[in-house]
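*Asks:* Right, I'll just put the structure down here and ask away after.
Since every read-out is calculated from the coordinates, none of them should be taken as a lab result. Just so it is clear, the model here is predicted, and its values are computed rather than measured. Note that we place each Cβ from the backbone using ideal geometry, even for glycine, and neighbour counts take in every protein chain shown.
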Amino acid sequence: DVMGVTMAATSVITVAVKDSIAVAGLLGWLFYLNWQLTLIALAVGPLIAWSVRLVSRRLRRMAREAQRSMGDLAHVLEETIECHRVVKVFGGQEYESRRFERANQAVRGFNMRQTIAASLTNPITHVLASVALAIIVYLAMEQSLAARTTVGEFASFLTAMLMLLAPLKHLTEIQAPLQRGLAAAESVFGMVDTPVEEDRGTVVLPRARGELAYERVGFTYPTRDEAALADINLQIRPGETVALVGGSGGGKTTLVNLLPRFYAPTAGRILLDGHDLQELTLASLRANIALVSQDIVLFNDSIYANIAYGRLSGASEKEVIAAAEAAHAMSFIRETPEGLATLIGESGVRLSGGQRQRLAIARALLKNAPVLILDEATSSLDTESERHVQAALDALMRGRTTIVIAHRLSTVERADRIVVLERGRIVETGRHAELLAKRGTYARLYELQFAEAAGPARDSNIYRTG
């Protein structure tokens, strides 16, 4: 889209300005030579303008459709390349080939229709201009016979009219790239005009102690009728570790996403150190929160740059190394070809799952925020990697207010408090043994999911959330 706008803003504008000046100059000369014949020649102008406008509207519509089809084609390619292992294992090569063929044919069809529509502009303009020229020649000859026009004037007028055809042709030829550029501009400016994230907070919070309070918090997604959270009341002390447990769709992820103000509560309020989150500036609020997500996000950069991202204001190499050591990441970093300068590829593709996770933990350690949101994800790790990651998590959680979306029995058992969510409501809170003794929702979940992980496999992944 940006390239389309760039082309329209350079070549199209250059041609439009240059040839418009040429047309204006030649029309002025024609009026000077014979204003009557010029007015007759201009009679075909509305017809030319109408035909160009008709074709332009069609070109704009087809340009939008072509852009959408190109987006679909790029999506199919990206998806197939990223998921190539799944495609190979399930024998989906032919299916993906057919998907690509359909998307490619759609792009080809739209491009062909664009070419045909653009090709109609020149013949229509030439036919109308030729008709005008024929009429002018006939009338000029009549005037010449009546001694109202000299041969020299007629020759000058005819030459100027013939010279007018070239810039008119150029102006009609730019309609196709112009309409493609305008369609691309609609897409680009649609994104530019997207409302920015609102930040109405005025209070700048220094380093927080980490005391959190959810007071009658409710939240409903704009696209849903049913509330994702309802009447949530939760107090979290500084340095306390709270594990969120519950079935898929229970509201765990929504509950933690309200904390960095990815969403705003539709009811109630959330307090950090006694301050309503809505009153805090986004920058100061998020400076006090670190996030280790289930979906690890790494950048196509060096190991050093990915860890240093935790403190963009500036971190020394010594601090980066200390964070990597605390996250148990230096053991594998030293084995890489260039150490901290090693490039890890897009999304950290050159690293294993455990290595990526330890880098994310090192990044959070470097940020040293008092509040930590942790979405554990160790199901895909081998025993050795899981051991390193758990040690890194222990270091990360130490001394911080931590909210954990719990996947692992060891985390649930070690948490200071367990909060059980069901259908967007808190149904139970307490420690592991207390909740088991109640024989309620947590005990049922434990019996269904957690009990299988007890014993030797106590630290394995035993409960997944959606």
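*Asks:* Within straight cross-link reach of residue 169, meaning Cα distance under 16 Å, which aspartates and glutamates are found once same-chain residues fewer than 8 apart are removed?
*Replies:* 19
*Asks:* Among residues other than residue 370 whose Cβ falls under 13 Å from its Cβ, what is the net charge (Lys/Arg +1, Asp/Glu -1)?
*Replies:* +4
*Asks:* Fewest Cβ neighbours within 10 Å first, please rank 170, 432 accordingly.
*Replies:* Going from least to most buried by this count: 170, 432.
*Asks:* Could I ask something else about it? Only bridges with both residues in the chain count here: give the DSSP antiparallel percent, nearest 5.
*Replies:* Here the share of antiparallel DSSP bridges comes out near 50 percent.
*Asks:* Given only helices, namely DSSP H runs of n ≥ 4 each adding -39500 (n - 2.57), what is the per-residue ellipticity at 222 nm of the chain, to the nearest 500 deg cm²/dmol?
*Replies:* After summing the helix terms and dividing by residue count, I get -17500 deg cm²/dmol.
*Asks:* Here's a follow-up. For region 223-321, rounded, prolate or oblate, judged on the Cα gyration tensor with a ≥ b ≥ c (square roots of eigenvalues), a/c < 1.5 rounded, else prolate if a/b > b/c?
*Replies:* In terms of gyration-tensor shape, prolate.
*Asks:* Can you check what the net charge comes to around residue 274, using other residues whose Cβ is under 11 Å from the Cβ of residue 274 (Lys, Arg +1; Asp, Glu -1)?
*Replies:* Neighbour charge sum, excluding residue 274 itself: -3.
*Asks:* Could you tell me which of rounded, prolate or oblate describes region 212-457, using a ≥ b ≥ c as the square roots of the eigenvalues of the alpha-carbon gyration tensor, with rounded for a/c under 1.5 and, failing that, prolate when a/b is larger than b/c and oblate otherwise?
*Replies:* oblate
*Asks:* Run down the lysines and flag those whose C-alpha is under 19 Å from the C-alpha of residue 318, throwing out any fewer than 8 positions away in its chain.
*Replies:* The qualifying lysines are 367.
*Asks:* Moving to a separate point now. Please rank 388, 126, 275, fewest neighbouring Cβ atoms within 10 Å first, as an exposure proxy.
*Replies:* 126, 275, 388
*Asks:* On a 0 to 90 degree scale, rounded to 10, what angle separates helix 383-397 from the longest Cα axis of the chain?
*Replies:* Orientation of helix 383-397: about 90 degrees from the principal axis.
*Asks:* Another question, then. Going by alpha carbons, how many degrees (0 to 90, nearest 10) lie between the helix axis of 353-367 and the longest principal axis of the chain?
*Replies:* Orientation of helix 353-367: about 90 degrees from the principal axis.
*Asks:* On to the next question. For every other residue with a beta carbon closer than 10 angstrom to the beta carbon of residue 340, add +1 if it is Lys or Arg and -1 if Asp or Glu, then tell me the sum.
*Replies:* -1
*Asks:* Another question, then. For region 265-393, would you read off the P(r) tail past 19 Å as a percentage of all alpha carbon pairs?
*Replies:* Above the 19 Å cut-off, region 265-393 has 50 percent of its Cα pairs.
*Asks:* Something else: Which aspartates and glutamates have a Cα less than 19 Å from the Cα of residue 18, not counting those fewer than 8 places away in the same chain?
*Replies:* 173
*Asks:* Which length gain, in nm to one decimal place, applies between residue 95 and residue 13 when the Cα-Cα distance is subtracted from 0.36 nm times their residue separation?
*Replies:* Residue separation times 0.36 nm, minus the Cα-Cα distance, leaves 25.1 nm.
*Asks:* At what distance in angstrom do the alpha carbon centres of region 159-208 and region 222-300 lie from each other?
*Replies:* Distance between centres, Cα-based: 38 Å.
*Asks:* Choose one of 253, 165, 355: the residue whose Cα lies farthest towards the positive end of the charge dipole of the chain (beta-carbon charges +1 Lys, Arg; -1 Asp, Glu; about the Cα centre).
*Replies:* Checked the options; the winner is 165.
*Asks:* What do you get for the angle between helix 13-33 and the principal long axis of the chain? Use alpha-carbon atoms, 0 to 90 degrees, nearest ten.
*Replies:* Between helix and principal axis, roughly 20 degrees.
*Asks:* Sort 154, 299 by Cβ crowding within 10 Å, fewest neighbours at the top.
*Replies:* 299, 154
*Asks:* Can you compute log10 of I(q)/I(0) for region 2-192 with the Debye formula, treating each Cα as one identical point scatterer, at q = 0.13, 0.14 Å⁻¹?
*Replies:* -0.79, -0.86
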